[in-house]
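Notes follow the structure.
Since every read-out is calculated from the coordinates, none of them should be taken as a lab result. Just so it is clear, the structure is predicted and the values come from calculations on it, not from any experiment. Methodologically, a virtual Cβ is constructed for each residue, glycine included, from the backbone with ideal geometry; neighbour enumeration extends over all protein chains shown.
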Amino acid sequence: MQKALLEIDHVSRSYAVPGKKEKVTVFQDVCLKIHKGEFVTVVGHSGCGKSTLLNIIAGIDRAEEGMVLVNGRRIDSPGLDRMVVFQNFALMPWLTVYQNIRLAVQAAYPDWEQQKIDERTRAYVEMVNLKGAEDKLPAALSGGMRQRCGLARAFSVQPPIMLLDEPFAQIDALTRGVIQDELIRMWTESDVTIFMVTHDVDEAILLSDRILLMTPGPGARVAETVAIEIPRPRERKRIIEHERYYSYRNRIIKFLAGE
Amino acid sequence: MNGRAIILSCSLGCLMLLLWHVATAGSELPTPSAVLKVAREFLRSPFYDAGPNDKGIGILAAYSIGRLAAGFGCASVCAVLLGVWLGRRPILFAALNPYIQILRAISPIAWMPLLLYSVKDSGITAFLVVFMASLWPTLANTAFGVANIKKDYLNVAAILQISPLKTLLRIILPAAGPTIVAGLKISMGSAWVAVIPAEALLGSMGLGYFVWNEWNNLSLTSVVFAILVIGIVGVIVDFLFSRLSRRLAYTD
């Protein structure tokens, strides 16, 4: 069998509650293998610790037990090989769209000449259709446009792994679809591996190869894996007509409802 | 300011001048017209230099502004560096904060005897007084601003593997910029307030020295003129900082 690109090995996380002796376990014993090029999504209720799990993979939070391996090597700090797209975008508000993306390109390729950095930056501004808005500050943009910038920043580094933390949660429904299509296009055109966290079931089915279902916290765990065997390219309008769509959807919704 | 505020402001100014005139007319105290006359004389040649005790008001103001710039400049560099360092260490900052607040509450002039005794030089003492006056507000604000930077920005810097120096220059300072400049503005105000008595007491050349000298000459009209000059310089400096803070402001 092919070796996993990203491996999560018996990872547990708990936090101390003031005034209580016992720690509260957020999730425990999460094991997971993700292969190169896969799109894997974790679905679960809020509070099950799925974002915490993502942060541990990103290296900005720590596992109490277990470890995260990339290409078989244990990681415990953030790195350019695991770019994160944040729910609240996390753009630098004092930098323009262009400068935000350029900051990432420059950081990832410190040896490049200015001209090459600018070329790459421009290419990704265009890739996410932000041309014309590149000199605006994030505060002047809609949520959808800000997340386009967030995606461009992450993709511009061309990382092997991307971690998406509820990337569409703060974007209105109409724009969400457009950006999901852009994400799929960029994922297809690159060989990036994506780990996403969401609570939107339709979004998960549309985008993922596999969906992991997490039980509600505290003490959450990954209970089930659903492989989405709907051929790509998937279209938003057509996918709901696929014979298996509703069986996947019902299974996940029943799981989340606790049946 | 909008039009109505400007009209109101001008009317209030005239009213104050009128009250001043009414209050001082016929007394020993300087009236507005007397001050105006003195001001004209002083401003005719603001940069003349006729020996140590007789210099133009422009030269005196330049001395004071130079003292302000030196003390405030050095203190600000120290305060921002120390503030960034403290801001990243929340426990140490919390432990030191009460002391910073105490030091901030002490008038820098109160340190003067101690400083003068220690360094035995009036010029250096004046510099140190201004330095002490400028240090604390910037230090407290910088540490506060840095401690409250959104975690996301630092996470992004960590993910992008930006070096500590670049993180300081490109993430931490811009993120805390508005808070730091607010501190600098308060520091600048308190430093300018400290410059005048320091010069007066230490006999160092400048506007404070001029005030004291004119008081010794019993020339109250010149004292009032000097007071106005001090106020106007303060307003100009403050205006410059307001412009800086507008440039660094950002909306999240």
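Assorted remarks:
- Residue mean of other protein chain beta carbons inside 10 Å, B:148-156: 5
- In a DSSP loop and with at most 12 other Cβ atoms within 10 Å, the GluC sites (Glu not before Pro) in the stretch A:98-173 are A:E113.
- Long-range amide H partners of A:M162 with built H, under 5 Å: A:T193, A:I194, A:F195
- Counting all C-alpha pairs of the protein assembly as shown, share separated by more than 38 Å (%): 48 percent
- Distance histogram for the stretch B:186-252 (every C-alpha pair counted, 10 angstrom bins, percent rounded to whole numbers): 20, 41, 23, 11, 5, 1
- Three-way shape label, the stretch B:1-62, alpha-carbon gyration tensor, a/c 1.5: oblate
- Under the combined filter of DSSP loop state and at most 16 neighbouring Cβ atoms within 10 Å, the stretch A:41-75 retains these trypsin sites (Lys or Arg not before Pro): A:R62.
- Inter-chain shielding of A:83-95 (mean C-beta neighbours from other protein chains, 10 Å cut-off): 5
- Estimated inter-spin distance, B:L12 and A:V178, nm [label 7 Å along Cα→Cβ]: 4.9 nm
- Computed [θ] at 222 nm, helices only, for chain A once each DSSP H run of length n ≥ 4 contributes -39500 (n - 2.57): -10500 deg cm²/dmol
- Extreme residue, positive dipole direction of the protein assembly as shown, given options B:G145, A:M162, B:G51 (C-beta unit charges): B:G145
- Span from the the stretch A:1-62 Cα centroid across to the the stretch A:176-241 one, whole angstrom: 17 Å
- Just so you know, the Rg over Rh for the stretch A:141-200 is 0.93, from Cα atoms, with Rh as the Kirkwood radius.
- Relative to the current alpha-carbon distance between A:A140 and A:Y109, full extension at 0.36 nm per residue lengthens the span by 8.3 nm.
- About its Cα centre, the dipole of the stretch B:34-248 is roughly 860 debye, where the only charges are +1 on Lys and Arg Cβ and -1 on Asp and Glu Cβ.
- Restricting the stretch B:10-58 to chymotrypsin sites (Phe, Trp or Tyr not before Pro) in coil, as DSSP defines it, with at most 16 other Cβ within 10 Å: B:F47, B:Y48
- For chain B: lysine pairs under 27 Å (alpha-carbon distance), excluding those fewer than 8 apart on one chain: 7
- Kyte-Doolittle mean at least -0.5 and Cα axial length at least 20 Å: DSSP H helices in chain B: B:3-24, B:57-87, B:90-105, B:122-147, B:173-202, B:220-248
- Rounded to the nearest 20 debye, the dipole magnitude of the stretch B:18-125 is 380 debye, with +1 charges on Lys and Arg beta carbons, -1 on Asp and Glu beta carbons, and the Cα centre as origin.
- Listed residue (B:I159, B:I91, B:L218) projecting farthest to the positive dipole end of the stretch B:34-248, Cβ model: B:I159
- Residue order, fewest to most beta carbons within 10 Å, for A:L91, B:L81, A:L213, B:L86: B:L81, A:L213, B:L86, A:L91
- Shielding value for A:53-63 is 1, the average number of Cβ atoms from other chains within 10 Å of each residue's Cβ.
- With eigenvalues of the C-alpha gyration tensor scaled by 5 and rooted, chain A, Å: 30, 23, 18
- Debye, to nearest 20: dipole size of the protein assembly as shown, +1 on Lys, Arg Cβ, -1 on Asp, Glu Cβ: 160 debye
- For the protein assembly as shown, the residue among A:I34, B:A175, A:G44 whose Cα projects farthest onto the positive side of the dipole built from Cβ charges is A:G44.
- Largest to smallest principal axis extent of the C-alpha atoms in the stretch B:34-248, angstrom: 66, 38, 24
- Cα centroid separation - the stretch B:191-252 against the stretch A:113-147, whole Å: 47 Å
- The overall shape of the stretch A:130-259, judged from the alpha-carbon gyration tensor, is prolate: a/c is not under 1.5, and a/b is greater than b/c.
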